[in-house]
1. Please go through (1) modelled with pLDDT under 90; (2) closer than 30 Å to Asp60 by Cα for Asn151 and return the number of the only condition it doesn't satisfy.
2. Residues that are crowded, with 19+ Cβ neighbours inside 10 Å: find the strands (runs of 3 or more DSSP E) completely inside the stretch 87-195 holding 3 or more of those.
3. Quick one: is Val32 in contact (Cβ under 8 Å) with a residue 60 or more places away in the chain, under 34 Å from the mean Cα position of the chain (by Cα) and either farther than 28 Å from Gly208 by Cα or buried (at least 22 other Cβ atoms within 10 Å of the Cβ) (or both)?
4. Specify the residue that is farthest from Asp574 (Cα to Cα); the eligible residues are those in the stretch 605-630 that are of a type in the set (Gly, Ala, Ser) and modelled with pLDDT under 90.
5. Residues in the stretch 507-520 that are surrounded by 22 or more Cβ atoms within 10 Å (Cβ to Cβ) and modelled with pLDDT of 85 or more: how many?
6. Going through Val92, Val120 one at a time, which residue ends up being in contact (Cβ under 8 Å) with a residue 40 or more places away in the chain, closer than 27 Å to Pro164 by Cβ and within 36 Å of the chain's Cα centre (by Cα)?
7. Arg218: basic (Lys, Arg), touching a strand residue (DSSP E or B) at 6+ places or on another chain (Cβ under 7 Å) and at pLDDT 75 or above, yes or no?
8. Based on this model, can you work out whether Arg436 counts as basic (Lys, Arg) and at pLDDT 90 or above?
Amino acid sequence: MLTLLLCGLALAAAIGGAAWVRGPAPPAGAPVRAGYLHDPPYMFRAPDGTAAGLDIDVLDEAARRARIELTWNYVERDGDPDVALAEGTIDVWPALTVLEHRRRRLHLTAPWLRTEVLLVVRDGGARPPRDHAGPLGVVSLPVTAYLIEQNFPHAQRVSYKDGPELAQAVCEGRVPMGLISAGTLAMALSTVDGPCRAAHLRSYALQGATLDIAVAGRVGFEGVADRLRAGIDAMAADGSIRALVQPYSLQAASEVLAVYELLQERARTRLFTWVTVILSVALVGSTTLFLALLRANRRTRQSLVEKAALEARLQGAQRLELVGQFTGGVAHDFNNLVTVILGHADVAAGEGPLAPATAESLDEIRKAGERASDLVKHLLALGREQPATPRVVAVHAELQGLLPMLRRLLPPQVRVACEPGARDDRVFMDPGQFSRVLLNLAANAGDAMPDGGQLRLTTRNAEDERLGGQVLCLAIEDTGCGMPAEVQAHAFEPFFTTKDPGRGTGLGLSVVHGIVQDAGGTIAVVSAPGRGTRFEIRWPLAGAAEAVTESRQPDPPSTLAPPPTTSLVLVVDDRPELRELVRRVLSAAGHQVLTAEGGPEGLALLQAHGSRIGLVVSDIVMPRMSGVTLLEQARAAGVTAPFLFTSGHAEEHAAAVEASGAHLLAKPFATAQLLEAVNRLIAAR
């Protein structure tokens with residue numbers, strides 16, 4: 001699985017009051033010369049020749065607060081910050097990596113940034129050994145030589161102008177691997193038309209590559225550097241620093257506040273003694289997270305240890321979310337492909353009597369397509385929060401469908417046994433959430449059996465008055481190391497974990513507990529050191545009427561009743577294979593069909609044919625003009641035809657579609673579902 005590591009820019013507030021000032025102040029009224037070089041997005045020269053970037057914006061505001069006049073001086077790559085500061089051509093540097101040899105020559109403030117550099121390898125390659133002597137892409141920043149010496153001293157360096165250029169070179173295969181900051185990598189991955197979206201990359205942590213970064217001042221400017229650092233403290237404390245860093249983020253500010261409030265709530269439980277704010281901005285993928293961290297009082301050493309553990313768990317949670325973000329990024333395209341596979345299998349099956357072998361082959365194609373669709377749902381359920389859509393679930397069938405994934409998830413030396421024993425296995429819950437519960441518990445079991453063992457899944461029916469009568473009991477039992485009583489007591493608490501840093505977030509069992517409760521069930525754990533662990537989940541059985549409704553499958557296309565009326569239907573989709581499939585299905589059902597390859601062409605056809613068009617079937621995510629924008633412009637032009645949107649990310653667009661008054665059909669869909677929706681909307685006009 002692709003591992004994407006977090007890059008944090010931790011904007012840290014120092015502990016205590018006034019800054020400690022060393023050295024004489026510069027002459028009164030004289031501007032302070034600040035240096036910068038080409039290292040986007042942190043610092044770079046804008047097209048108009050001025051200094052720009054996150055570091056520049058933060059230091060400018062800190063200088064304004066400290067009443068220090070700054071002038072920005074561009075430093076060419078050959079004249080690095082150390083040389084420029086030592087020679088006195090500049091006075092301060094906004095963000096310099098804290099290295100021990102620098103402390104002997106420069107004044108470095110308390111760190112205000114933290115970043116991480118990753119080894120990124122193309123085509124999912126393995127991490128090279130330390131004696132790797134092949135090509136390695138690098139950016140000629142001062143810290144690069146340090147990282148190469150620490151990790152790959154014999155590598156053949158291939159230099160690039162900046163991080164974005166290096167990331168593009170790795171993604172295009174011009175260099176097999178490179179040292180890239182996680183923020184730069186994430187921005188490259190999030191560029192819609194960039195080469196990294198299709199590249200198969202793998203990233204590895206490097207020794208010494210989590211870098212603390214501070215304001216640096218040359219001799220005589222120690223006090224200036226400390227005053228600038230104090231200005232950053234003040235910005236972090238009053239929250240105004242968020243307005244400066246948000247333009248460099250890819251995520252809405254609402255997510256900042258959500259996590260910020262979470263940590264404030266934990267502060268109120270006196271886990272830490274909070275004094276000032278650290279704002280950590282993670283420039284990652286399409287799911288950039290703003291993480292507000294509060295720094296503990298220096299006097300409470302234990303609190304510092306707990307704070308570090310909390311930071312690690314929160315960052316672990318971010319990594320888990322990145323897995324979901326990566327999966328979500330391919331889900332749309334994958335669901336489009338599955339729609340085409342299922343659709344053409346349905347079309348072929350409805351074209352008259354078939355030889356038994358042909359019918360069997362088409363049935364296998366359909367089943368494979370459905371399994372592929374389920375696989376996407378399971379992956380999304382593991383890595384992402386999704387709106388719950390509960391329905392009657394046949395647990396035995398779900399278990400059988402998940403067994404292949406469980407066996408891939410667990411170490412090869414762990415055996416999986418599934419022993420369904422319940423007479424009635426129907427419960428009412430979201431099937432994706434069921435998958436998430438099982439995969440989380442199985443992953444925990446695998447961690448508890450590093451040397452091998454058995455994971456046993458069993459079901460039975462029982463009577464439980466607390467849950468209103470008959471229930472389904474699902475037991476997940478391992479032969480692992482087990483848990484002592486004190487660990488069991490906290491097992492379902494958020495952020496509680498006994499795993500090593502980087503191996504657990506402390507969120508898995510908390511999420512499982514919440515999902516089970518939301519479905520009206522209970523979960524209990526029984527364990528002892530050396531005797532394994534058993535989780536038992538109890539759900540109320542689904543009602544018989546609900547079960548009949550949910551278990552009814554749509555009729556195959558060949559047996560569908562003819563539509564009550566036919567109409568002129570406009571199909572808008574940028575994917576020609578999907579456009580042709582929908583056209584073919586609707587034409588076979590007696591409808592007249594117009595097709596358009598995008599929103600602008602669809603709008604032109606709507607304006608040309610006016611009220612003759614009885615329905616528009618449109619994708620939502622399309623280049624040039626989205627389906628929702630097409631609807632808005634059609635309504636502005638006086639077109640009243642109903643819209644049926646199709647989407648491989650239905651849960652993300654549901655609110656927008658509902659607000660627009662349109663209807664939504666999730667991909668992948670069967671042709672029967674498409675025809676049912678089309679006929680219903682045409683008949684309702």
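The values are calculated or read from the model by the stated rules, or taken from the named source; none is laboratory data. Predicted model, so just to flag it, every value in this text is computed and none were measured. Heads up, the Cβs are rebuilt from the backbone with ideal geometry, glycines too, and the neighbour counts pull from every protein chain shown.
1. (2)
2. Output list reads 92-97, 113-122, 135-139, 177-181.
3. Numbers: in contact (Cβ under 8 Å) with a residue 60 or more places away in the chain: yes; under 34 Å from the mean Cα position of the chain (by Cα): no; either farther than 28 Å from Gly208 by Cα or buried (at least 22 other Cβ atoms within 10 Å of the Cβ) (or both): yes.
For Val32, the condition - in contact (Cβ under 8 Å) with a residue 60 or more places away in the chain, under 34 Å from the mean Cα position of the chain (by Cα) and either farther than 28 Å from Gly208 by Cα or buried (at least 22 other Cβ atoms within 10 Å of the Cβ) (or both) - is not met.
4. Step one: filter the stretch 605-630 for residues of a type in the set (Gly, Ala, Ser), giving 608, 610-611, 614, 618, 626-627.
Among the residues that remain, those that are also modelled with pLDDT under 90 are: 608, 610-611, 614, 626-627.
Details: Ala608: 20, Gly610: 22, Ser611: 24, Gly614: 21, Ser626: 10, Gly627: 11 Å.
Top of the filtered list is Ser611.
5. Going through the stretch 507-520 one residue at a time, the tally reaches 1.
6. Values: Val92 fails: within 36 Å of the chain's Cα centre (by Cα).
Just a single option satisfies the conditions, and that option is Val120.
7. Working: basic (Lys, Arg): yes; touching a strand residue (DSSP E or B) at 6+ places or on another chain (Cβ under 7 Å): no; at pLDDT 75 or above: yes.
Taking the combined requirement at face value, the residue does not satisfy it.
8. Working: basic (Lys, Arg): yes; at pLDDT 90 or above: no.
When the stated conditions are applied, Arg436 does not pass them.
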